[in-house]
1. Taking 8 Å as the Cα distance limit and 6 or more residues as the minimum spacing, I'd like the relative contact order of the chain as a percentage.
2. Size of the dipole of the chain about the Cα centre, Lys and Arg at +1 and Asp and Glu at -1 on the beta carbon, nothing else charged, in debye to 20?
3. When every alpha-carbon pair in the range 1-55 is counted, what percent end up more than 12 Å apart?
4. What do you reckon, how do VAL47, VAL125 stack up by accessible area (1.4 Å probe), largest on top?
5. Over the range 71-127, how many percent of alpha carbon pairs lie in each 10 Å bin up to the one with the longest distance?
6. Grab the beta carbon distance between LEU13 and ARG120, set R0 = 30 Å, and tell me the FRET efficiency rounded to 0.05.
7. Relative to the present Cα-Cα distance, how much length would full extension add between HIS107 and VAL47 at 0.36 nm per residue of separation?
8. Would you compute the Debye intensity of the chain from its alpha-carbon atoms alone, equal scatterers and no solvent, and pass along log10 I(q)/I(0) at q = 0.13, 0.20, 0.21 Å⁻¹ to two decimals?
Amino acid sequence: MTPDFFAHVDLRLADGGMPYTTASTSHMLGWMRFREPTPTFGEEHFVSLADAWPPAVIQMLAQPRPASSLTWTLELAEDVTAEPDAYWAYEVRTDHAGHGYGHTHAHVWRPDGTLVAISRQTVTVFG
């Protein structure tokens, strides 16, 4: 029960919970790349990967609920070109959640440990 695009991304969760598992945490840490390396890797590929992670707060839910991004910003701090099969590190933290809204911030690091992007998102959860 995952979106179709998940067939194209390799997300490796290292800390946090899977969606809808009543986790007691609202953060996630992991690695990401495409399952099939693209011929080149540029900003458009990076944005697709950074947007592939599920909202961190939905791991705290017991069952699927409709959810949507209300706002999302992605600030690129460094060049994001890389080898097409490189793993990128991703960490998201929930700053506040309640009344159907979750406010998160995330960091993305290049394989060499350089911080390359900061993401901020407001997520709505319905029901």
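The values are calculated or read from the model by the stated rules, or taken from the named source; none is laboratory data. Keep in mind that what you see is a predicted model, and the values were worked out from it rather than measured. Ideal geometry is used to build each Cβ from the backbone, glycine not excepted, and the neighbour counts take in all protein chains shown. Note: accessible area is taken over every heavy atom of the protein model, side chains too, but ligands, DNA and RNA are not part of it. Shrake-Rupley method; radii C 1.70, N 1.55, O 1.52, S 1.80 Å.
1. Result for the chain is 26 percent.
2. The calculation lands at about 560 debye.
3. Looking at the range 1-55, the distances longer than 12 Å represent 69 percent of pairs.
4. VAL47, VAL125
5. 22, 43, 24, 11, 0
6. Once the sixth-power term is evaluated, E becomes 0.90.
7. 20.3 nm
8. -0.51, -1.17, -1.27
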